1. Restricting to segment 113-140, what's the tally of residues that are buried (at least 16 other Cβ atoms within 10 Å of the Cβ) and hydroxyl-bearing (S, T, Y)?
2. Output the number of residues of segment 212-229 satisfying the condition of being touching a residue at least 60 places away in the same chain (Cβ under 8 Å) and over 17 Å from F331 (Cα atoms).
3. I'm told D302 meets every condition in (1) touching a Ser or Thr at 6+ places or on another chain (Cβ under 9 Å); (2) over 29 Å from C60 (Cα atoms); (3) of a type outside the set (F, W, Y); (4) in contact (Cβ under 8 Å) with a residue 40 or more places away in the chain except one. Can you identify the failing condition by its number?
4. Could you please tell me which pairs satisfy a Cβ distance under 9 Å, a separation of 6+ or placement on different chains, a first residue in segment 230-249 that is under 22 Å from L57 (Cα atoms), and a second residue that is acidic (D, E) and modelled with pLDDT under 95?
5. Could you tell me which residue of segment 74-107 is modelled with the lowest pLDDT, considering only residues that are surrounded by 15 or more Cβ atoms within 10 Å (Cβ to Cβ) and part of a loop (DSSP other than H, G, I, E, B)?
6. Return a yes/no flag: does segment 200-210 have any residue that is more than 19 Å from V289 (Cβ to Cβ) and modelled with pLDDT under 85.
7. Identify the residue in segment 229-279 that is open to solvent by 30 Å² or more (accessible area, probe 1.4 Å), farther than 24 Å from Y297 by Cα and charged (D, E, K, R) and, among all such residues, is modelled with the highest pLDDT.
8. Can you tell me which residue within segment 293-330, out of those that are touching a helix residue (DSSP H, G or I) at 6+ places or on another chain (Cβ under 8 Å) and not β-branched (V, I, T), is surrounded by the most Cβ atoms within 10 Å (Cβ to Cβ)?
Amino acid sequence: MRALLRLTLKRSNRFWLINTILFFSVVFSACQKVLFEPIDGNVITDSLAIYSLVPDLGNCASVGSSGTSETGVPYTTGNYKTISVHVSTKGYWSYPQTTSAGITYSGSGYFADTGTSSIKLYGTGTPVNAGVFDYPLNVNNVSCSFQNLVWPAGTLPPADSIIISYYLANIGGTGYYQVATKGSGYRAGSSRNGPGDDVSLSANISPATSPYLPNTTALVVIKGVMHNYRSLSDAQFKSFFSPGVYPLSKGTNNNAYLMGDGFYIEWIDGQGHLWNTLSGTGEQSNSSVKIVSVTDYPDPLDYYVRVKLQFSCKLYSIDTGEMKQLGNGEFVGLFGKL
């Protein structure tokens, strides 16, 4: 009886061992299949990709994004950022994570070819605070960052609202943003600066009420100098804002039409203090403005162009000369032929 029991136990153990081996073999095979299954009909090896980010004025060059952010509202699979990259060696890629303000972005995928491509980083979590937050990336010792705008709870513009103008930037280590939509309490403005035929042109986003309420901000962007203003066609006016990289103005005074060629940027903080790119020392090494795009903007009376800018600069207090670094700036505004 004891011998029979021992034999039964040995057989049971062997049966358990065989089934355990089979079980892990199946699991391993399944993992292998999932990991290396063909994509688009191509057989994939287990090679790792070599790729690099594409910095653009401190930002990561971006193809686009999807989804909106609001404090207290969990992210879904529809929240992601698409970042431009250059692929040297095709294969698998994986970016573990970059985290800020309760949101983590990460992603993985496969590059089927070399050259210009993109990676998609999905956001997970629930936004904790409202504002503009930087997400730093580093691949093969190339660093840049992208930004994420989180709206305060209950203030997210309706899906059908028309965003006329906006700005976002990291100023002195703090993220700022403002959007002008119908009924938002902010407005998009435009003006011509100068008495003659040589002028500077400005666009701004500012509170609709005057004087400004506490904790509201405003941004003014001026580009100069446009010559022969009164005789220019609409097409020539538009070409003044051709996409490309431009310097900051090296003017020495605050008369907009005397600032010279280049851009001048002015910012009013939440306490009503004025900062600009010419006060203080006015030093602007490694500063620049990039016009990303320019499109016609419909208006029944005047001709406008809607210009998208990305910029990095130093802002100086007009009162004390104190400097704040502005990074990852982005602005969309209207410049008018008025």
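The values are calculated or read from the model by the stated rules, or taken from the named source; none is laboratory data. These figures come from a predicted structure and were not determined experimentally. Here the Cβ is made from the backbone with ideal geometry for all residues, glycine too, and neighbour counts use every protein chain on show. SASA here: full protein model, heavy atoms, side chains in, ligands and nucleic acids out. Shrake-Rupley method; radii C 1.70, N 1.55, O 1.52, S 1.80 Å.
1. We begin by selecting, within segment 113-140, every residue buried (at least 16 other Cβ atoms within 10 Å of the Cβ); these are 117-124, 127, 130-135, 137, 139.
Restricting the remaining residues to those that are hydroxyl-bearing (S, T, Y) gives 117-118, 122, 124, 135.
Going through segment 113-140 one residue at a time, the tally reaches 5.
2. First, the residues of segment 212-229 that are touching a residue at least 60 places away in the same chain (Cβ under 8 Å): 212, 219, 221, 223.
With over 17 Å from F331 (Cα atoms) added as a condition, the list becomes 212.
So the count comes out to 1.
3. That leaves (4) as the condition not met.
4. Final answer for the pair search is Y246/D261; P247/D261; S249/D261.
5. Among those that are surrounded by 15 or more Cβ atoms within 10 Å (Cβ to Cβ) and part of a loop (DSSP other than H, G, I, E, B), it is A101.
6. Narrowing segment 200-210 to residues more than 19 Å from V289 (Cβ to Cβ): 206-210.
If we keep only those that are modelled with pLDDT under 85 too, we end up with 210.
Checked against the condition, which is being more than 19 Å from V289 (Cβ to Cβ) and modelled with pLDDT under 85, segment 200-210 yields at least one hit.
7. If we take residues in segment 229-279 being open to solvent by 30 Å² or more (accessible area, probe 1.4 Å), farther than 24 Å from Y297 by Cα and charged (D, E, K, R), then D261 is modelled with the highest pLDDT.
8. Only one residue tops the list, namely Y303.
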